[in-house]
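Trainee: Here it is, the structure in full.
The values are calculated or read from the model by the stated rules, or taken from the named source; none is laboratory data. Note that this is a predicted model, so its numbers are computed, not measured. Glycine gets a Cβ as well: all are built from the backbone with ideal geometry, and neighbour counts include every protein chain shown. When the accessible area is computed, the model is the full protein with side chains, heavy atoms only, and any ligands, DNA or RNA have been set aside. Shrake-Rupley method; radii C 1.70, N 1.55, O 1.52, S 1.80 Å.
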Amino acid sequence: MKKTLIAAAVMAASGVAFAASNVTLYGILDTGIGVSKVKHQDTTVQMTTGMDSSSRWGIKGVEDLGNGYSVGFVAEQGFNSDDGNVANGSYGTTSGFTREMQLNVKGAFGTLAAGRFGTLASGAGSYNILQGWAFGTSYGDQGSWTRFGKAWARTNNTLVYVTPAFGGFTVSAMYSNGLSADTDKWSKNRHYYGLGLKYAGGPLNGSLIFEAVDGRGTAEEGKEGTLTNKYFANLGLGPVYDADQVKVEDKKDMTLDKQKTAYGITAGGSYDFGAAKLFAIYQYAWQKEMYNQHAFGLSVGVPVAGGEAKLGARYLIGKFDGEAKRNAKDFGFDDKYRAFNIDAGYTYPLSKRTKVYGFAGWSDGAKAYNNVEKGAWNGWTVAAGLVHSF
């Protein structure tokens, strides 16, 4: 719904002139209650935010240039509905419009946009094309596809081009000149590359996405000891070195800018049979000297009593590679890892702009993930909440 008077007041207060009919103020608030347990940790009961739909507010607008051409913008900020703090920060952007900030041009040639937005397989933003998981990127560690597989969220200094549709197919190409910043010379900025094919044709939808992120410009983050601790801690396996040992290991010539490029290929789709919608997704991700892994997902959405019920299962199989494998063995970890996850959820619309939801998810890890203290691979969550859009 266009909130032109409110948008006019907001823009007028900042001293900016605009065509009121072309500007929309919008947002989502999602607040609920969640009970969760991660292996070896206490059970928690918390007020949740953004479990089903990330809470946000934004302003978007478009100017018609004529002859099928237009210029538009999106400025979108994420926030936590339980405490009001800014959310969705990544790669150095932790305040302001953390979810999206873009300027775009559209025409017969397609769409060209620049700014900050979600990557092709991020599950977020205007140019995300991820398909194949009924729960999308909702429901946190237990439900989100991007918490289970490998993903790169929102990147700065990014360009994207989307072709016009040809027989239901579109091609998207995305490039970030610097995930956090591009103030240094090109060889010292860290870059994202993405290429995707999307199909939307009636009941059938699908996408095939290739992504890569190089390791440039990250030398300042530390050397071998710091890298090893950070990597295994992110997996829930660490820290493996104490402070004194980190200092010793950091003397070794293993700075982060020597990391190999990380790659991911994700294929997914869905088919709507009417009585049920079936989803399937697969990802292969690898980084030399770090890991290679496969992630699989099958899920279904079914109309039930005026709402939608969802059920899904995922399986992750991977192994550490090269230096990470040697480190894992040195610290007594298995060099292979596994995880299994099942999710169930239900949403019911109370009106066109308000819905309620319930969710339950459980994950269990094996091999190196057998005792890992990370909810994405070892734990359970039960949650319920209310979502309101404006």
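Trainee: Considering only residues that are aliphatic (A, V, I, L, M) and part of a loop (DSSP other than H, G, I, E, B), which ones fall in segment 264-294? Let's see the steps before the verdict.
Mentor: Here is the first cut: in segment 264-294, the ones aliphatic (A, V, I, L, M) are 265, 267, 275-276, 278, 280-281, 285, 290.
Hits for segment 264-294 are ALA275, ALA276, MET290.
Trainee: Given the criteria surrounded by fewer than 16 Cβ atoms within 10 Å (Cβ to Cβ), of a type outside the set (S, T, N, Q) and more than 30 Å from ARG326 (Cβ to Cβ), does GLY194 qualify? Before you say what the answer is, go through the steps one by one.
Mentor: Working: surrounded by fewer than 16 Cβ atoms within 10 Å (Cβ to Cβ): no; of a type outside the set (S, T, N, Q): yes; more than 30 Å from ARG326 (Cβ to Cβ): yes.
Answer is no for this residue.
Yes/no matrix, rows are residues, columns are (1) closer than 22 Å to THR347 by Cβ; (2) open to solvent by less than 50 Å² (accessible area, probe 1.4 Å); (3) assigned to a loop (DSSP other than H, G, I, E, B); (4) aliphatic (A, V, I, L, M):
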residue	(1), (2), (3), (4)
THR48	yes, yes, no, no
LYS60	no, no, no, no
ASP64	no, no, no, no
ALA75	no, yes, no, yes
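Trainee: Still on this structure: Could you tell me whether segment 106-114 includes any residue that is among the hydrophobic types (A, V, I, L, M, F, W, C) and at pLDDT below 95?
Mentor: Scanning segment 106-114, I find no residue that is among the hydrophobic types (A, V, I, L, M, F, W, C) and at pLDDT below 95, so the answer is no.
Trainee: Please count how many residues of segment 354-386 are part of a loop (DSSP other than H, G, I, E, B) and either of a type in the set (A, V, I, L, M, F, W, C) or open to solvent by less than 40 Å² (accessible area, probe 1.4 Å) (or both). Outline the logic, then answer.
Mentor: So in segment 354-386, the residues part of a loop (DSSP other than H, G, I, E, B) come out as 368-378.
After this cut, where a residue has to be either of a type in the set (A, V, I, L, M, F, W, C) or open to solvent by less than 40 Å² (accessible area, probe 1.4 Å) (or both) as well, the list is 368-369, 372, 375-378.
Going through segment 354-386 one residue at a time, the tally reaches 7.
Trainee: Would segment 335-343 turn up any residue that is basic (Lys, Arg), surrounded by 15 or more Cβ atoms within 10 Å (Cβ to Cβ) and in contact (Cβ under 8 Å) with a residue 40 or more places away in the chain?
Mentor: Residues of segment 335-343 basic (Lys, Arg): 336, 338.
Subsequent filtering for residues that are surrounded by 15 or more Cβ atoms within 10 Å (Cβ to Cβ) retains 336, 338.
Among the residues that remain, those that are also in contact (Cβ under 8 Å) with a residue 40 or more places away in the chain are: none.
Scanning segment 335-343 turns up no residue that is basic (Lys, Arg), surrounded by 15 or more Cβ atoms within 10 Å (Cβ to Cβ) and in contact (Cβ under 8 Å) with a residue 40 or more places away in the chain.
Trainee: Okay, moving on. What's the number of the only condition in (1) modelled with pLDDT under 85; (2) open to solvent by 20 Å² or more (accessible area, probe 1.4 Å); (3) in a helix (DSSP H, G or I); (4) in contact with a helix residue (DSSP H, G or I) (Cβ under 8 Å, 6 or more places away or on another chain) that ALA233 fails to meet?
Mentor: Single failed check for ALA233: (4).
Trainee: Condition first: over 30 Å from ALA368 (Cα atoms) and surrounded by 19 or more Cβ atoms within 10 Å (Cβ to Cβ). Now tell me which residues in segment 30-46 satisfy that. Don't jump to the end; show me each part of the working.
Mentor: Our first condition is that a residue be over 30 Å from ALA368 (Cα atoms); within segment 30-46, this holds for 30-33.
Passing the criteria: ASP30, GLY32.
Trainee: I'd like to check something: does segment 198-206 contain any residue that is open to solvent by less than 50 Å² (accessible area, probe 1.4 Å), more than 20 Å from SER299 (Cβ to Cβ) and in contact with a helix residue (DSSP H, G or I) (Cβ under 9 Å, 6 or more places away or on another chain)? So that I can check it myself, show each step before the final result.
Mentor: To start, the set of residues in segment 198-206 that are open to solvent by less than 50 Å² (accessible area, probe 1.4 Å) comprises 201, 205-206.
Adding the requirement that they be more than 20 Å from SER299 (Cβ to Cβ) leaves 201.
Filter once more, keeping what is in contact with a helix residue (DSSP H, G or I) (Cβ under 9 Å, 6 or more places away or on another chain): none.
No - not one qualifying residue is present in segment 198-206.
Trainee: Within segment 133-150, how many residues are part of a loop (DSSP other than H, G, I, E, B) and open to solvent by less than 40 Å² (accessible area, probe 1.4 Å)? Walk me through it before giving the result.
Mentor: Restricting attention to segment 133-150, the residues satisfying the condition of being part of a loop (DSSP other than H, G, I, E, B) are 133-139, 144, 149-150.
If we keep only those that are open to solvent by less than 40 Å² (accessible area, probe 1.4 Å) as well, we get 133-136, 138-139, 144, 149.
Residues meeting the conditions: 8.
Trainee: I need a count of the residues in segment 112-124 that are under 9 Å from the mean Cα position of the chain (by Cα) and free of Cβ contacts under 8 Å to residues at least 60 places away in the same chain. Show your work before the answer.
Mentor: Initially, segment 112-124 is screened for residues under 9 Å from the mean Cα position of the chain (by Cα), giving 118-119, 121-124.
Remaining after also requiring free of Cβ contacts under 8 Å to residues at least 60 places away in the same chain: 118, 122-123.
Of the residues in segment 112-124, 3 are under 9 Å from the mean Cα position of the chain (by Cα) and free of Cβ contacts under 8 Å to residues at least 60 places away in the same chain.
Trainee: Report, ordered by the first and then the second residue, all pairs with beta carbons closer than 9 Å, sequence separation of six or more or different chains, a first member in segment 263-285 that is open to solvent by 30 Å² or more (accessible area, probe 1.4 Å), and a second member that is at pLDDT 95 or above and acidic (Asp, Glu).
Mentor: TYR263/GLU211; ILE265/GLU211; LYS277/GLU308; LEU278/ASP272
Trainee: Within segment 331-351, is there a residue that is under 30 Å from THR228 (Cβ atoms), modelled with pLDDT of 95 or more and among the basic types (Lys, Arg)?
Mentor: Scanning segment 331-351 turns up at least one residue that is under 30 Å from THR228 (Cβ atoms), modelled with pLDDT of 95 or more and among the basic types (Lys, Arg).
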